[in-house]
Amino acid sequence: MMRAILILVGLAIMIGIGLFLFLPSTHRIYALGSRTVEFTFVILDEETKKPIPGATIDIWDDPFHPADRKKVAQAVADDDGVARFVREKQSVEDVIGISASHKLGGVRKHPAGVGTFVDRYWCTLDISARGYVPLQYESLASYDYDDNGYDKQAQLHRFEFTITMRRK
């Protein structure tokens, strides 16, 4: 009886080792860091999905007390409805070893093999455009984004946020 139990335990261990060695596994690495980031804001008409040139985005820091908030920058949308802001030492979390189809919370699209969570809780946005209802105190965290990876010179990590506005 004891011999049968030992044989079964040995078989179970061998099967476990075999599964561990021969089944594909997914290794994910999570890394915290900071880098220079380009935030791209694509401002679109909610109904037509066409760009809104000239839309203004005021970027505010997001302190604990709203009365203490300070304007960090202002960005104005070009003819394609695109406004850009570059921030140094932006905190990020990289997830390495994932497929492009794997969904990261809040990230619509990311390059195959790596996805990056960018800290979206550092600012609020006031967005205005002539003929549109202004969006005030909009948290960057309320928008999903595309992780567009690095630019061609590997200087900037690019994140794209699409923001829609409603006509008055």
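The values are calculated or read from the model by the stated rules, or taken from the named source; none is laboratory data. Just so it is clear, the structure is predicted and the values come from calculations on it, not from any experiment. Cβ placement follows ideal geometry from the backbone for every residue including glycine, while neighbour counts extend to all protein chains displayed. We work out accessible area using only protein heavy atoms, side chains counted, and drop any ligands, DNA or RNA first. Shrake-Rupley method; radii C 1.70, N 1.55, O 1.52, S 1.80 Å.
What to note about this one:
- Charge dipole of region 63-145 (Cα centre as origin; +1 on each Lys and Arg Cβ, -1 on each Asp and Glu Cβ, all else neutral): 80 debye, rounded to the nearest 20.
- DSSP beta bridges confined to region 80-153 are antiparallel in about 80 percent of cases.
- Fraction of antiparallel bridges per DSSP, the chain only, in percent to nearest 5: 80 percent
- Calculated [θ] (222 nm, deg cm²/dmol) that DSSP helices of n ≥ 4 give over the chain, each run adding -39,500 (n - 2.57): -4500 deg cm²/dmol
- Net charge dipole, the chain: roughly 400 debye, given to the nearest 20, about the Cα centre with Cβ charges of +1 for Lys and Arg and -1 for Asp and Glu.
- Number of Lys pairs (Cα under 29 Å; 8 or more positions apart or on different chains) in region 66-126: 4
- Helix 2-22 axis, angle to the chain major axis (alpha carbon atoms, nearest 10°): 40 degrees
- Solvent exposure, largest accessible area first (probe 1.4 Å, DNA, RNA and ligands not counted), of Lys70, Lys89: Lys89, Lys70
- Dimensionless Rg ratio for the chain, taking C-alpha atoms and the 2.2 N^0.38 Å reference: 1.51
- Å² per residue, accessible surface of the chain at 1.4 Å: 64 Å²
- Here the label points at Ile7 and Thr36, each 7 Å from Cα along the C-beta direction, are separated by 6.9 nm in the simple model.
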